[in-house]
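Presented below is the structure to which this report refers.
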Amino acid sequence: MHNKSFKVLSCIVFATGVLSGLAGCGSMQSQSIQTEEKAIESDVNVTTAQNDTEGQIEFELENVGLCTFAAGKEKASVLPDEVFVDSTKIGWTASTAEGEYIFPYMRVNETGDMFMIDWTYDEYYFAIYGKSSQETSDRDMAGKIALAIIYNLGGAE
């Protein structure tokens, strides 16, 4: 049990590193860099770390705005209080460090103004969500961040 909690906590720490690393330096406010024609703002903020089994990180993507990465054992603590439409679902196949396949999905809410990418791993729920851009390509960077986080799940005990 402790190892699983440690894995999720490690994933949250990794996500913080990915987001601030992609931005160049998390301590340089309002600076951005171009990554595959999309900019990631360097404002990365760990907003909550209630215990060793859940956490939340806010970050900004250009053309999308404020996004949230959340992880935890309770689905309600991770997913936003929105209804997402399954007919808008876009799915990917991602592999963890151990070669386990995970299937994250991107969906848009009923009003079309919010997107969410969510997946489960080892009884934990993960999500990245934010304001939905008109262009799906603007949300693709959030998908790439999700795939990078998934790739780094698992590993040595």
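The values are calculated or read from the model by the stated rules, or taken from the named source; none is laboratory data. Keep in mind that what you see is a predicted model, and the values were worked out from it rather than measured. As a convention, Cβ positions derive from the backbone with ideal geometry for all residues, glycine included, and neighbour counts pool all protein chains shown. Quick note on the areas: whole protein, heavy atoms, side chains included, nothing else; ligands and nucleic acids left out. Shrake-Rupley method; radii C 1.70, N 1.55, O 1.52, S 1.80 Å.
From the list 87, 77, exactly one residue is at pLDDT 50 or above, under 15 Å from the mean Cα position of the chain (by Cα), open to solvent by 30 Å² or more (accessible area, probe 1.4 Å) and among the hydroxyl-bearing types (Ser, Thr, Tyr). Which is it?
Numbers: 87 fails: under 15 Å from the mean Cα position of the chain (by Cα).
Only one candidate passes the filter, namely 77.
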Name the one entry in 94, 71 that is modelled with pLDDT of 90 or more, under 16 Å from residue 141 (Cα atoms) and not acidic (Asp, Glu). 94
Given the criteria under 11 Å from the mean Cα position of the chain (by Cα), assigned to a helix (DSSP H, G or I) and either touching a residue at least 40 places away in the same chain (Cβ under 8 Å) or under 17 Å from residue 76 (Cα atoms) (or both), does residue 143 qualify? yes
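Let's see how each residue does on (1) without any contact (Cβ under 8 Å) to a residue 40 or more places away in the chain; (2) over 13 Å from residue 56 (Cα atoms); (3) more than 13 Å from the chain's Cα centre (by Cα):
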{"position": "71", "(1), (2), (3)": "no, no, no"}
{"position": "83", "(1), (2), (3)": "yes, yes, yes"}
{"position": "91", "(1), (2), (3)": "yes, yes, yes"}
{"position": "105", "(1), (2), (3)": "yes, yes, no"}
{"position": "110", "(1), (2), (3)": "yes, yes, yes"}
{"position": "113", "(1), (2), (3)": "yes, yes, yes"}
{"position": "118", "(1), (2), (3)": "no, yes, no"}
Kindly indicate whether any position in the stretch 119-140 is closer than 12 Å to residue 94 by Cβ and assigned to a helix (DSSP H, G or I). no
When residues of the stretch 122-136 are filtered for being at pLDDT below 90, open to solvent by 50 Å² or more (accessible area, probe 1.4 Å) and on the phi < 0 side of the Ramachandran plot, how many remain? 4
How about the stretch 90-114: which of its residues are open to solvent by 90 Å² or more (accessible area, probe 1.4 Å) and either in a strand (DSSP E or B) or within 15 Å of residue 125 (Cβ to Cβ) (or both)? 101, 103
